[in-house]
Amino acid sequence: MTSLSDRYVDTTLRRLPPRQRTDIERELRAAIADAVDDRLAAGADAGEAEVAVLTELGDPARLAAGYADRPLHLIGPGLYLDYTRLLTILLATVVPAVAAAVGFVRGVQESPVLTVIGDTLGAAVTTAVHIAVWTTVLFAVIERTPALRRFPDRTWTPDALPDPPPSRRARWGELVAESVALVLVSTLVLLAPVVSPETDAAGEPVNVLNPWLWETGFVYVFIALAVAALAFSFARYYVRWSLPLAVAGALVNVASAVTLIWAAATDRILNPAFTTAAGWPPDAAKWINVGLIVVAIGTLVHTVTESFGQARRR
Amino acid sequence: MADDELLATHLQELRRGTVVLACLLILERPNYGYALLDLLERHGFAVDANTLYPLLRRLEKQGLLTSDWNTDEARPRKFYRTTDRGTALAGALNGDWDQLDTALRTLKGES
């Protein structure tokens with residue numbers, strides 16, 4: 001037998017369990033030799049006959065997979081639906097949850113705002129990649145381990161149908177409330193420098209909010225995030241649910257909450273001049289900051305649970 | 001072109017499984033892989049070598065075939081033979097094939 005057939009047989013055997021090799025090698029060699037002899041008897045040239053026989057046998061990896069009864073797919077139809085369902089639920093919930101946790105910790109640590117946002121997004125991307133990779137690996141292993149596939153077969157019944165989503169009218173009500181709240185809060189914030197219950201010695205109004213927010217333009221970041229979050233709420237109402245939309249919407253909500261936590265933790269929301277002018281007790285500013293952080297945490301938790309509920313309904 | 005492809009796909013679907021029955025029937029008399037490939041082809045069961053060889057081992061593992069090495073000749077060959085279990089299964093498959101045939105004839109109004 002020439003080197004071409006040897007290489008073919010070796011390549012095939014390398015992909016087989018050792019205990020199968022001897023037997024398959026003998027049989028495969030005999031089969032190749034028989035086929036080559038047949039072609040030689042029909043008048044073919046020796047080299048051509050061998051090439052033709054090996055070409056007919058095809059990719060050794062495919063042949064070896066046949067001998068070893070290995071699937072030639074990563075995740076087969078039996079597991080595919082469970083795989084996509086688990087992956088969707090994990091991505092739609094764990095990614096926002098991790099982003100929220102990282103953002104919260106960085107915000108409370110009073111890191112610079114760019115660090116807070118960068119770390120939050122970085123954590124979201126890393127988590128998404130890990131979830132995708134490990135879920136895929138897990139299902140590929142189950143696909144290749146017959147013992148793991150002997151789970152009691154869950155036959156599908158109509159009981160497994162998703163609950164009907166809340167009525168469109170109820171969701172429309174939520175949207176209207178959200179829009180009204182956004183307009184009111186933005187108006188109050190934007191009017192804060194010119195409308196105030198307190199005035200300074202020169203008779204100018206004292207801003208309730210920290211002038212730092214205007215000096216750095218940060219107030220516009222807040223409003224932009226709030227507008228983006230509202231836009232995603234509208235998108236969810238009008239556009240069909242999709243995983244990228246759900247994750248992006250959740251991340252915008254997380255970003256708004258985290259930015260608020262960071263600003264409150266670093267005491268950049270209230271104007272110290274205003275609290276003094278209004279004669280508030282010294283602890284008042286601190287408690288208002290704590291209150292804002294609690295509200296922001298509520299938003300984070302709500303974002304994660306809502307994502308979970310929506311992913312479950314798909 | 002597209003029609004040929006469509007036909008090929010559906011023929012493949014229709015014939016899937018008939019190779020097993022043909023193997024079990026032919027191997028009532030012991031034979032080896034390459035000769036079986038040749039016989040199947042001559043009887044009109046087109047099957048690739050890289051499908052048939054693993055299939056024989058799978059059927060052996062399922063107890064439908066048994067095998068022996070024949071070293072009488074210069075080239076040792078693995079001979080497969082249908083077991084009693086394989087014969088019984090072939091009978092069941094054959095019965096099903098006849099039923100299908102009758103059913104199709106009835107559908108065509110020929111019975």
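The values are calculated or read from the model by the stated rules, or taken from the named source; none is laboratory data. Bear in mind that the values here come from a model prediction, so they are computed numbers and not experimental data. Virtual Cβ from ideal backbone geometry, glycine too; neighbours counted across all protein chains shown.
Out of (1) under 30 Å from A:T299 (Cα atoms); (2) hydroxyl-bearing (S, T, Y); (3) modelled with pLDDT of 85 or more, the odd one out for A:T136 is which? Looking at each condition in turn, A:T136 falls short on (1).
Residue-wise test of (1) within 23 Å of A:G122 (Cα to Cα); (2) surrounded by 15 or more Cβ atoms within 10 Å (Cβ to Cβ); (3) in the same structural domain as A:P197 (by TED's automatic domain parsing).
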{"residue": "A:Y220", "(1), (2), (3)": "no, no, yes"}
{"residue": "A:A229", "(1), (2), (3)": "yes, yes, yes"}
{"residue": "A:S242", "(1), (2), (3)": "yes, no, yes"}
{"residue": "A:G249", "(1), (2), (3)": "yes, yes, yes"}
{"residue": "A:V254", "(1), (2), (3)": "yes, yes, yes"}
{"residue": "A:A277", "(1), (2), (3)": "no, yes, yes"}
{"residue": "A:E306", "(1), (2), (3)": "yes, yes, yes"}
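Among A:T12, A:T88, A:T84, which is the only one that is within 14 Å of chain B (Cβ to nearest Cβ), surrounded by 14 or more Cβ atoms within 10 Å (Cβ to Cβ) and assigned to a helix (DSSP H, G or I)? Lay out the reasoning, then the answer.
Values: A:T88 fails: within 14 Å of chain B (Cβ to nearest Cβ); A:T84 fails: within 14 Å of chain B (Cβ to nearest Cβ).
The unique qualifying residue is A:T12.
Screening A:T136, A:T127 for residues that are more than 14 Å from chain B (Cβ to nearest Cβ), surrounded by 18 or more Cβ atoms within 10 Å (Cβ to Cβ) and either among the hydroxyl-bearing types (S, T, Y) or assigned to a helix (DSSP H, G or I) (or both) leaves exactly one candidate, A:T127.
A:R70 fulfils the conditions (1) within 11 Å of chain B (Cβ to nearest Cβ); (2) assigned to a helix (DSSP H, G or I) except for a single criterion, (2). Pairs are defined by a Cβ separation below 8 Å, a sequence spacing of at least 6 or placement on different chains, a first member in the stretch B:84-97 that is closer than 13 Å to B:L59 by Cα, and a second member that is part of a helix (DSSP H, G or I); the pairs so defined are B:G86/B:L24; B:G86/B:L59; B:T87/B:L24; B:L89/B:L24; B:A90/B:L21; B:A90/B:L24; B:A90/B:L25.
A quick yes/no check of all residues on (1) touching a Pro at 6+ places or on another chain (Cβ under 6 Å); (2) within 21 Å of A:L63 (Cα to Cα); (3) basic (K, R):
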{"position": "B:A49", "(1), (2), (3)": "no, yes, no"}
{"position": "B:P54", "(1), (2), (3)": "no, yes, no"}
{"position": "B:L59", "(1), (2), (3)": "no, yes, no"}
{"position": "B:G63", "(1), (2), (3)": "no, no, no"}
{"position": "B:S67", "(1), (2), (3)": "no, yes, no"}
{"position": "B:N70", "(1), (2), (3)": "no, no, no"}
{"position": "B:R77", "(1), (2), (3)": "no, yes, yes"}
{"position": "B:Y80", "(1), (2), (3)": "no, yes, no"}
{"position": "B:L89", "(1), (2), (3)": "no, no, no"}
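Being assigned by TED's automatic domain parsing to the domain that holds A:F222 and farther than 21 Å from A:G78 by Cα is a description that does not apply to A:A147. Residues in the stretch A:93-114 include at least one that is touching an Asp or Glu at 6+ places or on another chain (Cβ under 6 Å), touching a residue at least 60 places away in the same chain (Cβ under 8 Å) and assigned by TED's automatic domain parsing to the domain that holds A:Q310. Looking only at the stretch B:34-93, which residues are at the interface with chain A (Cβ under 10 Å from one of its Cβ atoms), part of a helix (DSSP H, G or I), among the charged types (D, E, K, R) and more than 25 Å from A:P71 (Cα to Cα)? Hit for the stretch B:34-93 is B:D38, nothing else.
Of all residues in the stretch A:15-27 being in contact (Cβ under 8 Å) with a residue 24 or more places away in the chain and within 9 Å of chain B (Cβ to nearest Cβ), which is farthest from A:T55 (Cα to Cα)?
Pass one, the stretch A:15-27, residues in contact (Cβ under 8 Å) with a residue 24 or more places away in the chain: A:15-17, A:20, A:24.
Going one step further and asking which of them are within 9 Å of chain B (Cβ to nearest Cβ), we end up with A:20, A:24.
Values: A:Q20: 23, A:I24: 19 Å.
Taking the candidates together, the pick is A:Q20.
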